[in-house]
Amino acid sequence: MDKLDSKLRELIVTFRKLRDPEKGCPWDKEQDFKSIASCAIEESYEVADAIEREDFDDLKAELGDLLFQIIFHSEMAKEKDLFTLEEVIEEINSKLIRRHPHVFDDGNVKDAKDSLRIWEDIKAEERSEKYLNSVMDDVPKNLPSLTRTKKLQKRATRVGFDWSNSKEILEKIDEEIAELKDEDAKSNKEGIAEEIGDVLFTLIRLSGYYDLEPEDIIRKTNLKFENRFRKMENEAKSMETSLDKMDLKELEKLWQSIK
């Protein structure tokens, strides 16, 4: 623990040197909360990417980058007398203890699902103490769209506004696709966009029903497509040609052979 404390202090000292008004880095000195907000998002995605690739050396580096973003924001807050890194740590520690009564108190849980239910129930109680006008009020608007959709749906589900089973969701997907086909037949671009949104929204609910993460699903699908397409390119090279010189029928045949 002493080593951890020492290394954390070293990182904070490094940051403060970067922000030093006279000798600091020009770029670091001019940053504020809004200017680097996107950096934390980017670093989070790079952490997820390293995990997906099971590159643990890279994961160590990316976690360091993400930690630096926490230090960056916390130290800027300290500069403005808003809060400190110590208060950030105290806040998350208190939250974890409060939302795990089955670990730190006399509560009991049957399984991971029951544990998650307790977590969500306590979160709901905390939201009610904020006197929000809607259960949707504190869902961040700058979340990735798929993630935000899942959070909005979870909030609606807590008050009973949801389908009862996967069959009903699949029936709704069929209904939305039929409406999409109608708009497509009319070449109504605005209507097509709206119906595509409805299809995507319902598909995300199906993923949530099975406790699947939509961001993970589409990331894996992207990776699968990318890998297959690269194989198509390599296969075309072995045939002494390229994909742009092949017609659609040839491309489809090549794609199916790769699959």
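Does region 140-187 come out rounded, prolate or oblate, given a ≥ b ≥ c as the square roots of the eigenvalues of its C-alpha gyration tensor, rounded meaning a/c under 1.5 and, failing that, prolate meaning a/b above b/c?
oblate
Distance from the alpha carbon centroid of region 57-125 to that of region 1-56 works out to 18 angstrom. In plain terms, the chain from residue 8 to residue 212 could stretch by 69.9 nm, reckoned as 0.36 nm per residue minus the Cα-Cα distance. Full extension of the chain between residue 186 and residue 251 gives 20.4 nm of extra length, using 0.36 nm per residue less the Cα-Cα distance.
Note on residue 117 and residue 228: their simple-model spin labels are 3.9 nm apart, each label 7 Å out from Cα toward Cβ.
Roughly what angle does helix 248-258 make with the longest principal axis of the chain, taking Cα atoms, 0 to 90 degrees, to the nearest 10? Result, in degrees: 60. Rounded, prolate or oblate: which one fits region 5-52, using the alpha carbon gyration tensor with axes a ≥ b ≥ c (rounded when a/c is under 1.5, else prolate when a/b beats b/c, else oblate)? Oblate, because a/c is 1.5 or more while a/b does not exceed b/c. Give the label of the value calculated from the structure for Cα Rg over 2.2 N^0.38 Å, choosing from (1) 1.35; (2) 0.94; (3) 1.08. Correct label, based on the coordinates given: (1).
Helix-only mean residue ellipticity at 222 nm, the chain, DSSP H runs n ≥ 4 weighted -39,500 (n - 2.57), per residue, nearest 500. What is it? Write out the running numbers ahead of the final one.
Details: 12 runs with 189 residues, N = 259.
Roughly -24000 deg cm²/dmol at 222 nm, from the helical runs in the chain.
Could you tell me which of rounded, prolate or oblate describes region 165-259, using a ≥ b ≥ c as the square roots of the eigenvalues of the alpha-carbon gyration tensor, with rounded for a/c under 1.5 and, failing that, prolate when a/b is larger than b/c and oblate otherwise? It is oblate, given that a/c is not under 1.5 and a/b is not larger than b/c. Seen against the Cα atoms of the chain and their longest principal axis, helix 189-209 is set at about 60 degrees. Between the Cα long axis of helix 214-238 and the first principal axis of the chain there is an angle of about 50°, rounded to the nearest 10. Note on the chain: with charges restricted to the Cβ of Lys and Arg (+1) and Asp and Glu (-1), its dipole about the Cα centre is near 160 debye.
In a reduced charge model with +1 at each Lys and Arg Cβ and -1 at each Asp and Glu Cβ, region 2-95 shows a dipole moment near 460 debye about its Cα centre.
Just to confirm a number: summing +1 for Lys and Arg and -1 for Asp and Glu over residues other than residue 64 whose beta-carbon lies under 12 angstrom from that of residue 64, what do you get?
-4
Quick note: the coordinates plus some simple rules give every number you see, no bench work behind them. In this text, all values refer to a predicted model and were calculated from it rather than measured experimentally. Virtual Cβ from ideal backbone geometry, glycine too; neighbours counted across all protein chains shown.
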